[in-house]
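Presented below is the structure to which this report refers.
The values are calculated or read from the model by the stated rules, or taken from the named source; none is laboratory data. Quick caveat, the model's predicted, so the values are computed rather than measured. All Cβ positions, even for glycine, are placed from backbone atoms using ideal geometry, and neighbour counts span all protein chains on display. For accessibility, only protein heavy atoms count, side chains too; no ligands or nucleic acids. Shrake-Rupley method; radii C 1.70, N 1.55, O 1.52, S 1.80 Å.
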Amino acid sequence: MSTIAAAPATSRVSIRRARVLGIVFMALGFAAAWWFGFGSESGLDSTFGLNSRSSEVDLPPLALPSRETALLLAAICVFLGAIQLTRGFGKQANLILGVAVGCFILAFLVWAARDDSLNMVGMLQSTLLRSVPITLGALSGLLCERSGVINIAIEGMMLTAAFMGAIVGSAAGSTWVGLILAVLAGGLLGALLAVLSIRYRVDQIVGGTVINILALGLTSYLSAQILARYQNLNSPGRFPVIEIPLLSDIPIIGPMLFANNLFIYLMFILVIGINIALFRSRWGLRVRAVGEHPKAADTVGIKVLGVRYRNVILGGMVAGLAGAYFTLGSVGRFDENMTGGRGFIALAAMIFGRWNPIGAFGAALVFGFADSLQNTLAILQVPIASEFLLMAPYIATILVVAGVVGRARPPAADGQLYIKE
Amino acid sequence: MKIELKGITKRFPGVIANKDVDLIVNGGEVHALLGENGAGKSTLMNVLYGLYEPTEGEVLVNGEPVTFKSPGDAIDSAIGMVHQHFMLVPVFTVTENVMLGVEPTQNFGLLDKRKARARLVELSERFGLKVDPDAMVEDLPVGVEQRVEILKALYRKADCLILDEPTAVLTPAEIDDLFEVIETLKAAGVSIIFISHKLKEVMAVADRITVLRRGEVVGSTTPNETNEQQLAEMMVGRSVQLTVDVEQAQPGEKILEVTDLEVLDDRMHRTVKGVSFEVRSGEILAIAGVQGNGQTELIEGITGMRAVETGTVTLDGKDVTGSSSKRLFEMGMAHVPEDRQEDGLVTSFPIKDNLILNTYQNAPYSKGIVMNRDAIDAGADKLVKEYDVRTPSIEVNAAALSGGNQQKVIVAREFSHSNNLLIASQPTRGLDVGSIQYIHGQIVAKRNEGAAVIIVSSELDEILALGDRIAVMYDGKIIGVLDRSEATRERCGMLMAGLSGEGVVRQSATETSAVAEDERPPPPASSAEEETTS
């Protein structure tokens, strides 16, 4: 991947970009007004439920007049566009872009739920759950890439770990044993990737692809041979929901954030922990140095290859955790190719999040939201093919990678061999 | 701190890089290690710094034998190194770069940046190395990056500092600053090993000079006991003429005209900001400037290797702005690119194929879609002889040749046609003295045949020796054009540092005219065309 630097603030490019953004805001506003405002008949209400299954406090549902609400949201977009075109938001432009897109999506939801009801909390809850494997996968990717090794094998690591979690968890009768073995399996594949790409200098993309194919073939074969025959080896059970006292009683956010199983809490701990470790600790400084300029790291006595081995194995273990979520945290059994490309979406989330744990989590939430939105809309029977909605996050990723919304800049030595002379 | 290298031999497969080298560096001494490129200076220092393990011999620090398995060991013994290519992480701050590897930490391994920063500030004040500890390294000019490298070594309590070709990327003014820093360090008792192939600098800064040639020590001396001529002979192994003889230029008609050219670099920054000049037949325009002031992009823009934003390039009266390299070649342009391994050669191809990269589709090398191997071999044999490429065979891959011979292959390919325009970027970078002389001779010969010539170089000596007119680039613009008769080291140096104010330049020219007389290349047609005699 090539190094792309941010354009200077005063260049023609950024002025053009500011104008384009302003026009985009306006366009979003007018589109929202046309489709979602005038698209819904006047006098209808959109009802948003604010309760989740487990909450004890009963909140009344929020009923909004469809047309007026959509028009209001559209007006906000147009207003933001007008300010961007006349005065400009400067550095806040990307944030404002988020706000405008958010308004557009809300207007869309208002329109989709006209004369109907939609459970807001349920949708956000499922957004969070769907983002868990993507976040963990992205963390795995960025642990590797920050040290300069491209990990395209997240998918294969997740799939293998999911399988291990299911079969070992069932055999041992303990989800904990399953989880540990799943993490170890991920770490083992990480070690394989590390040996291939560092010791044997196999092209990292090729090495990763090989692991993906291997994992898919192996787990499919074994699940057909073993799990299909011995059903009892495919029922590891799931980690129970842990409700955190007091916090889980807060309306709306309580059930969303504080009534989940182990994986969600682990995800939050890892996102914050890796963020601090990467940017505030000695370990992180050295990892980033190795990923940016391995030779410089070597000349100050840092063991470049050691750092890479450690990080890739660590990354594999985090991918293993992501895989275990499928069997032990979510579904409760293994299905063939059950990760369904989430490992690749995780890579996209890592890039979207600019190789930054918090950013990757945010990106994963966007993907998770698109995923859950598509589900919700299928229930509401919105006349838009769900495939188009599912495409939205990928389009967003392409726009980010192409540099439309700011620039994503990978670690400079990402994917490069380090050969000591 | 006293450092001794005793009988160091370093063998690589098929090559002896250092052979039985002895070197003693005393505390508080500036010891210059002089030698041509490939003489083994860097290898020797990499041995001392723990990057290579010596095949034979030992290293003694303060009389104690030591074994360095890695740079970490050398750092522990208070040896620091400033590499020729700086070892800094561009996206880290100065403080982060300096602390990397020896980070002070608080609980849980969290960085104590405040502590590191305080120590950095203290060091930078003590040794007069001004730098903003919070600046991103990628935003700093090279001179400041070098200061960061020195601070990095001092932060590790280095008592011996190895400076590998420290002046290669600096402006004359920055070089003066560096020499002041070296004096301060010396006064504080730090020993310095100063690696260079530039005689003037070594004479100016060193207490003791050791000359290396082909991996062996040729001799050791002090600046008082020797002179540049003598050092050059030690370095090369035979007597050398340090300047090129160039007859008076006889400019003819206008060949190339560049008007208001603007070019963007890879990062989409405007690095050539409206450059205009013309070159006539039979003259050499030398473009001087510190690296990174737009020379690379300017030449790439003219030669069709990079898109031009605005402005025009006119060759022989035809607008060739944005023309392909191929069309320009067909119109008579020869181009020796700056990066010979990346742009000048296909290093994995044999010499004979590299010699026809621009003519492979023409007779006699091709007939229709079939290549004529016999003609290619015959042509290659002839060129290799004519241009003195030292190679066992034309089948040898270009990658296996020395830098000088690689450059000769390019020169053979480009110069063996009738050219009306010749553009050479950094034509002698990294070459040995013999090759430099040869290539300079070829360039001057082309000029005398009536070609318009553009030379880009960051070596002031080369600029002054070859240029009939000298254009100095600074920050993407040509800020001054000097005739051969008015060009001096000082005036060029001022312009290279961006001091274009006419008054400033004039004044310095009069003040330093006495010195300048000596340093200017000999007046045209003074002595005969002897090159090297022994």
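Restricting to lysines 8 or more places apart or on different chains, can you count the pairs in the stretch B:97-237 with Cα atoms under 16 Å from each other? It would help to have the intermediate numbers written out before the result.
On the way: B:Lys113/B:Lys152; B:Lys115/B:Lys152; B:Lys115/B:Lys157; B:Lys130/B:Lys152; B:Lys157/B:Lys186.
Within the stretch B:97-237, the lysine pair count is 5.
Excluding A:Ala191 itself, calculate the net charge of residues whose Cβ lies under 11 Å from the Cβ of A:Ala191, where each Lys or Arg counts +1 and each Asp or Glu counts -1. Walk me through the intermediate numbers first.
Working: positive: A:Arg199, A:Arg310; negative: none.
Local charge sum for A:Ala191: +2.
For chain A, the solvent-accessible area with a 1.4 angstrom probe is 45 square angstrom per residue. An ellipsoid equivalent to the stretch B:3-236, defined through the eigenvalues of its Cα gyration tensor, has semi-axes of 30, 21, 15 Å when rounded to whole angstrom and sorted largest first.
In degrees from 0 to 90, rounded to the nearest 10, what is the angle of the helix B:113-126 Cα long axis to the longest principal axis of chain B? That helix lies at roughly 80 degrees to the long axis.
In plain terms, the chain from B:Thr184 to B:Arg267 could stretch by 26.1 nm, reckoned as 0.36 nm per residue minus the Cα-Cα distance. The angle between the Cα long axis of helix B:373-386 and the main principal axis of chain B comes to about 60°, on a 0 to 90 degree scale.
Which net charge results for the neighbourhood of A:Ala297, defined as the other residues with beta-carbon distances under 10 angstrom from its beta-carbon, given Lys and Arg at +1 and Asp and Glu at -1? Could the numbers behind the result be given before it?
Details: positive: A:Arg286, A:Arg288, A:Lys295, A:Lys303; negative: A:Glu292, A:Asp298.
So the surrounding residues net to +2.
Amide H contacts of B:Ala451 (H built 1.01 Å from N, in plane; Pro and chain starts excluded): B:Gly282 sit under 5 Å, all sequence-distant by 5 or more or on other chains.
In terms of packing, defined here as the mean over residues of other Cβ atoms within 10 angstrom, the peptides B:167-174, B:73-80 line up highest first as B:73-80, B:167-174.
Geometric descriptor of chain B, per residue, is 177 Å³ (volume of the convex hull of the Cα atoms). Looking at chain B, the accessible area is 43 square angstrom per residue; that uses a 1.4 Å probe and ignores ligands, DNA and RNA. In this simple spin-label approximation, A:Leu417 and A:Asp116 carry label points 7 Å from Cα along the Cα→Cβ vector, and these lie 5.6 nm apart. Our compactness index for chain A, the C-alpha radius of gyration over the empirical 2.2 N^0.38 Å, is 1.06.
Note on B:Lys115 and B:Glu486: the extension gain reaches 128.3 nm, defined as 0.36 nm multiplied by sequence separation minus the Cα-Cα distance.
Beta-bridge orientation, the protein assembly as shown: approximately 60 percent antiparallel, per DSSP, counting only bridges with both partners inside.
May I ask for the net charge around B:Lys2, where only other residues with Cβ less than 15 Å from the Cβ of B:Lys2 are counted and Lys, Arg are +1 while Asp, Glu are -1?
Details: positive: B:Lys6, B:Lys186, B:Arg208; negative: B:Glu4, B:Asp22, B:Glu29, B:Glu58, B:Glu64, B:Asp159, B:Asp207.
Value of the local net charge: -4.
Of the solvent-accessible surface of chain B, computed with a 1.4 Å probe over protein heavy atoms with every protein chain present, carbon and sulfur atoms account for 48 percent. At a cut-off of 10 Å², which residues of the stretch B:91-108 become less accessible once all protein chains are present than in their chain alone, using a 1.4 Å probe? Residues of the stretch B:91-108 that lose at least 10 Å² of accessible area once the other chains are added: B:Val91, B:Phe92, B:Glu96, B:Leu100, B:Gly101, B:Glu103, B:Thr105. By DSSP, the beta bridges lying fully in chain A are antiparallel in about 65 percent of cases. On full extension, the segment bounded by B:Gln291 and B:Thr312 gains 5.2 nm, given 0.36 nm per residue less the C-alpha separation.
Taking both sides together, what accessible area is buried at the B/A interface, probe 1.4 Å, expressed in Å² and rounded to the nearest 100?
Buried: approximately 2400 Å² between A and B.
Out of all DSSP beta bridges in chain B, what portion is antiparallel? Express it as a percent rounded to 5. Just about 55 percent of them are antiparallel. Interface burial in the stretch A:249-280 reaches 40 Å² or more for A:Arg280, comparing the full protein assembly with the chain by itself; accessible area from heavy atoms with a 1.4 Å probe. Using the Karplus relation 6.51 cos²θ - 1.76 cosθ + 1.60 with θ = phi - 60°, the per-residue 3J(HN,Hα) values for the stretch A:279-291 come to 9, 10, 9, 4, 3, x, 4, 5, 4, 5, 4, 5, x Hz, with x marking Gly and Pro.
Accessible surface of the stretch A:122-401, 1.4 Å probe: 69 percent of it comes from carbon and sulfur atoms.
Annotation for B:Glu253 and B:Arg327: the two label points, set 7 Å from Cα along the Cα-Cβ direction, are 2.1 nm apart. Quarter the surface of the alpha carbon convex hull of the stretch A:179-281 and you get the mean projected area, 10.5 square nanometres.
The share of Cα pairs per 5 Å bin across the stretch B:174-223, counted from zero up to the longest distance, runs 5, 18, 28, 25, 14, 8, 3 percent.
Placing unit charges on each Cβ (+1 for Lys and Arg, -1 for Asp and Glu) gives chain B a dipole about its Cα centre, and among B:Gly317, B:Thr271, B:Phe92 the Cα reaching farthest toward its positive end belongs to B:Phe92.
At R0 = 56 Å, how high is the FRET efficiency between B:Gln230 and A:Met391 if r is their beta carbon distance? Nearest 0.05 is fine.
Working: r = 75 Å, r/R0 = 1.34.
Between B:Gln230 and A:Met391 the formula returns 0.15.
Taking a straight Cα-Cα cut-off under 17 Å and skipping sequence neighbours fewer than 8 places away in the same chain, the lysines within cross-link reach of B:Lys352 are B:Lys382, B:Lys385, B:Lys408.
In chain B, the longest principal axis of the Cα atoms and the axis of helix B:403-415 are about 20 degrees apart.
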